[in-house]
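One structure is given below, encoded as structure tokens.
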Amino acid sequence: MGHIKARENYCLGCKLCEIHCLVAHSRSKKILKCFTNEKDEITSRILVEDTGHISFAVQCRHCTEAPCIESCISGAMHYEQKTGAVLCDTNRCVGCLMCVMVCPAGAVLRSRKGTVVSKCDLCLESGIPACVENCPNEALYYEED
């Protein structure tokens, strides 16, 4: 399984990773349609934190012993069999937010609708995470284990 890694000293704080994450998880997959019609429905699965001149992206670390899976009362948080990625089945999520409370990286977020959680899925459908593919300064990179 691979992981998204960050080079904090390369991050410009531009938040393009957040924008492209939103687009990748939108219905339309088009930036203008996403921001015009769908923005209130989707949540970026990566967040850029910035303090002064330091900025860095926070996303799921796909822990091998994931506290979010252990704390999930509905079984929505699970390991994806083929890749080992930690995923959330939003159809099973009851919105208790226990995973949000126990995530050591602070990477599990409440969705915009507030009824389920949202977290990085490594863009498994497309092969390379949208945040990595669209980072202009290569602050984010994908590394296979």
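Among the candidates Glu125, Glu143, the residue that is at negative phi, of a type in the set (Asp, Glu) and assigned to a strand (DSSP E or B) is uniquely Glu143. When the residues of region 2-24 are filtered to those that are among the β-branched types (Val, Ile, Thr) and assigned to a helix (DSSP H, G or I), the one that is surrounded by the most Cβ atoms within 10 Å (Cβ to Cβ) is Val23. Scan region 1-57 for residues that are touching a Ser or Thr at 6+ places or on another chain (Cβ under 9 Å), within 13 Å of Ala139 (Cβ to Cβ) and among the hydrophobic types (A, V, I, L, M, F, W, C) and the total you get is 5. For region 107-145, filtered to residues that are among the polar types (S, T, N, Q) and within 16 Å of Cys17 (Cα to Cα), the residue that is nearest to the chain's Cα centre (by Cα) is Ser118. Against the criterion of being buried (at least 17 other Cβ atoms within 10 Å of the Cβ), among the aliphatic types (A, V, I, L, M) and at pLDDT 95 or above, Ile73 does not qualify. The set of residues in region 43-70 that are assigned to a loop (DSSP other than H, G, I, E, B), at pLDDT 90 or above and not hydroxyl-bearing (Ser, Thr, Tyr) comprises Arg45, Ile46, Gln59, Cys60, Arg61, His62, Cys63, Glu65, Ala66.
Exactly one residue out of Arg27, Arg61, Arg45 is crowded, with 16+ Cβ neighbours inside 10 Å, under 23 Å from Lys113 (Cα atoms) and among the basic types (Lys, Arg), and it is Arg45. Screening the candidates Thr83, Thr64 for the property of being in contact with a His (Cβ under 9 Å, 6 or more places away or on another chain) and of a type in the set (Ser, Thr, Tyr) yields one hit, Thr83. Look at region 71-90: where a residue is at positive phi and a partner is of a type in the set (D, E, K, R), sitting 6+ places away or on another chain with Cβ atoms under 8 Å, you get Gly75/Asp89; Gly75/Arg92.
Kindly establish whether Glu143 is of a type in the set (Asp, Glu), in contact (Cβ under 8 Å) with a residue 40 or more places away in the chain and either in contact with a Lys or Arg (Cβ under 6 Å, 6 or more places away or on another chain) or buried (at least 22 other Cβ atoms within 10 Å of the Cβ) (or both). Answer is yes for this residue. Residues in region 81-106 that are within 24 Å of Lys29 (Cβ to Cβ), in a loop (DSSP other than H, G, I, E, B) and either of a type in the set (Lys, Arg) or under 15 Å from the mean Cα position of the chain (by Cα) (or both): Lys82, Ala85, Asp89, Thr90. In region 97-145, the residue that is modelled with the lowest pLDDT out of those that are of a type in the set (Ser, Thr, Tyr) and over 16 Å from Gly2 (Cβ atoms) is Thr115.
The values are calculated or read from the model by the stated rules, or taken from the named source; none is laboratory data. Here the structure is a predicted model, which is why all the values come from computation and not from measurement. Methodologically, a virtual Cβ is constructed for each residue, glycine included, from the backbone with ideal geometry; neighbour enumeration extends over all protein chains shown.
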